[in-house]
Amino acid sequence: MKELCKHFGICGGCDFQDVKYEEQLKAKEARLKNIFSAFTITNFESIAPSPEIFYYRNKMEYAVNNDRENIVIGLRQKKRFYRIVDLEECRIFLDGVKDIFAVFKDWMKANGIEPYQLKRHTGNIRYAAMRHSKYYNELMIIIVMASEEDSPSALVDRLKSIKAVRSIYLCVNSGLSDVSIAGKTRLMHGESHIRERINNIDYLIGPGSFFQTNPYCCGELYSIIKDQVKHNGRQALDMCCGAGGITLQVADNFDKVVGVDISAQNIEDAITNAKINKIENLEFICDDAQNFLLNSVALKSAQAFSTIILDPPRAGLSKKAREAVCSSGVENVVYVSCNPVNLAEDLKTLTAAYNIEKMIPVDMFPHTRHVEVVAILKRSRV
């Protein structure tokens, strides 16, 4: 086994780095079978492993704080929310991240800029957030500050000299709650987006774009979904489509795919992603996915779809959305979930109208307790 990260056991970023990867997969499979034990599942497939198990994440938000006289940048300590582990490495995100932290620390010390204190609401620098594309090795850095009282221009000048840096943003977040990227965001240097490639399809990713966390394993996930819908025909509805991640991947399986997302920025990015890949049989709609589905069912326009793809937030579907799916009459449902417990709750309703044909786990999150699941549902004939 590779030598453990020096912060393992204290930092809250990883849970199982001390467990052999094969054993991690077995443990996740066993947990999933327990969660879904109450359901009849025709085919429960073995978990698909991640092609890479280190430096796989494409997005991290590192908190800034101080420990006595020293500035610390890193992740929250396990079971101690207000204490930040000062990271010298991060095995799940990017090799050499400490060099970026050093630039932040040097600039703050030289200019007397204090880290933001969540309890007292004092100080200014809140987070050093980053997004990294694995295929193109492009880095986006988002400087999160409580106010623009301190100019970050000198910090930007130093950060832009780092080879992989393609864009630098300033996010001014004056809110009192611990949300990292919120409020006004402004491009300070470089391109507005970084590029990622998944299964020969390019994506532009902005500071607020929703995109799967593990690009290496994302290709596996998208290939599984694409394979499962290859005979579904006609039109598909991709609910909570984000920047078009799944939508673009399955486009050549259907005459048309409609992607719906509540975020205007996501829809703008999805339209751009379709254009740069020259995929034309897509339509993207900015709307609450639940409202769109409810209206489609009420107007009977949902019957035009042969497949619904669901990739909701961790909380899962609302009661109305679950009922709308059941009432839609759509033959096939692909449910992609990063929260198996909430998926099980949703299936209690969905299985009134659908059979679970397959459950396909995908390990998008090595060394953590999290796992992605793809549920393939077919409308029951009863």
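Mean-square fluctuations from a GNM of the chain, with a 10 angstrom spring cutoff on Cα atoms, peak among 202, 261, 67 at 67.
So what's the back-of-envelope 222 nm ellipticity for the chain, counting only DSSP H runs of four-plus at -39500 (n - 2.57) apiece and dividing by all residues, rounded to 500? Walk me through the numbers before you get to the answer.
Numbers: 9 runs with 99 residues, N = 382.
Taking each H run of at least 4 residues, the total per residue is -8000 deg cm²/dmol.
A Förster radius of 35 Å combined with the Cβ-Cβ distance from residue 148 to residue 195 puts the calculated FRET efficiency at roughly 0.75.
Stretch residue 120-residue 379 to full length: gain in nm at 0.36 nm per residue minus the Cα-Cα span?
On the way: separation 259, 0.36 × 259 = 93.24 nm, distance 5.41 nm.
Extra length from residue 120 to residue 379 when fully extended: 87.8 nm.
Can you tell me what percent of all Cα-Cα pairs in the chain are more than 31 Å apart?
On the way: 29465 of 72771 pairs.
The proportion of pairs with Cα distances above 31 Å equals 40 percent.
With viscosity set to 0.692 mPa s and temperature to 37 °C, compute the Stokes-Einstein D of region 293-346, Rh being the Kirkwood radius across alpha carbon pairs; µm²/s, no decimals. For the chosen part, D equals 286 µm²/s. Long hydrophobic helices in the chain, taken as whole DSSP H segments with a C-alpha length of 27 Å or more on their own axis and mean Kyte-Doolittle hydropathy at least 1.6, are absent. Using a Gaussian network model of the chain in which every pair of alpha carbons under 10 angstrom is joined by a spring, one finds that among 320, 278, 134 the greatest mean-square fluctuation is at 278. For region 268-317 versus region 7-46, the inter-centroid distance based on Cα atoms is 31 Å. Placing unit charges on each Cβ (+1 for Lys and Arg, -1 for Asp and Glu) gives the chain a dipole about its Cα centre, and among 246, 351, 190 the Cα reaching farthest toward its positive end belongs to 351. The share of alpha-carbon pairs in region 332-382 lying farther apart than 15 Å comes to 44%. With the radius of gyration and the Kirkwood radius both derived from the Cα set of region 144-220, what is their ratio Rg to Rh? Radius of gyration over Kirkwood radius for region 144-220 works out to 1.03.
Distance from the Cα centre of region 176-198 to that of region 210-242, in angstrom? Between the Cα centres of region 176-198 and region 210-242 lies a distance of 24 Å.
So if I take the centroid of the Cα atoms in region 334-382 and the same for region 76-125, what is the distance between those two points in Å? Each part's Cα centre sits 37 Å from the other's. Against the empirical 2.2 N^0.38 Å (N residues), region 13-62 has a Cα radius of gyration ratio of 1.43. With the simple spin-label model, which puts each label point 7 Å out from Cα in the Cβ direction, the residue 223 to residue 15 separation comes to 2.7 nm. Of the GluC sites (Glu not before Pro) found in region 145-250, the ones in coil according to DSSP and having at most 11 other Cβ atoms within 10 Å of their Cβ are 149.
Modelled label positions at residue 98 and residue 162, each set 7 Å beyond Cα in the direction of Cβ, lie 1.4 nm from each other. Given 37 °C and 0.692 mPa s, compute D for region 226-382 with the Stokes-Einstein relation, Rh being the Kirkwood radius over Cα pairs; round to the nearest whole µm²/s. Calculated translational D: 209 µm²/s.
Counting pairwise Cα distances across region 98-141, what percent come out greater than 12 angstrom?
On the way: 648 of 946 pairs.
Pairs farther apart than 12 Å: 68 percent.
In whole angstrom, region 118-177 maps to an equivalent ellipsoid with semi-axes of 25, 13, 7, each derived as √(5λ) from the alpha carbon gyration tensor and ordered largest first. Near residue 57, the amide H atoms lying under 5 Å from its own belong to 93; only residues 5 or more places off or on other chains count, and H is placed 1.01 Å from N.
What whole-number value in Å² describes the accessible area per residue of region 252-382 for a 1.4 Å probe?
42 Å²
Remark: the chain carries a charge dipole of roughly 660 debye about the Cα centre, counting +1 on each Lys and Arg Cβ and -1 on each Asp and Glu Cβ.
Considered as an equivalent ellipsoid built on the Cα gyration tensor, region 95-242 has semi-axes of 35, 18, 12 Å, the largest given first. Ranking 136, 354, 216 from most to least accessible surface, computed with a 1.4 Å probe over the protein chains only, gives 216, 136, 354.
Keeping the other protein chains in place, figure out the carbon and sulfur percent of the accessible area of region 16-134, with a 1.4 Å probe. Mind showing how you got there, number by number?
Working: 2700 of 6090 Å².
C and S atoms contribute 44 percent here.
Rounded to the nearest 0.05, what FRET efficiency is calculated for residue 83 and residue 303 with R0 set to 41 Å and r the Cβ-Cβ distance?
E between residue 83 and residue 303, to the nearest 0.05, is 0.15.
Comparing region 1-149 with the 2.2 N^0.38 Å rule of thumb, its C-alpha radius of gyration ratio is 1.28 (two decimals). Sorted from longest to shortest, the spans of the Cα atoms of region 197-270 along the three principal axes equal 35, 26, 16 Å.
For a bin width of 5 Å, list the pair-distance distribution of region 64-168 built from all Cα-Cα distances, rounded to whole %. The calculated distribution, bin by bin, is 2, 11, 23, 25, 20, 12, 5, 1, 0.
Taking all protein chains together, 369, 158 sort by accessible area into 369, 158, largest first [probe 1.4 Å].
The values are calculated or read from the model by the stated rules, or taken from the named source; none is laboratory data. Since we're looking at a predicted model, the values are computed, not measured. Here Cβ is always computed from backbone atoms with ideal geometry, including for glycine, and neighbour counts include all displayed protein chains. To get the accessible areas, we keep the full protein, side chains included, count just its heavy atoms, and leave off ligands, DNA and RNA. Shrake-Rupley method; radii C 1.70, N 1.55, O 1.52, S 1.80 Å.
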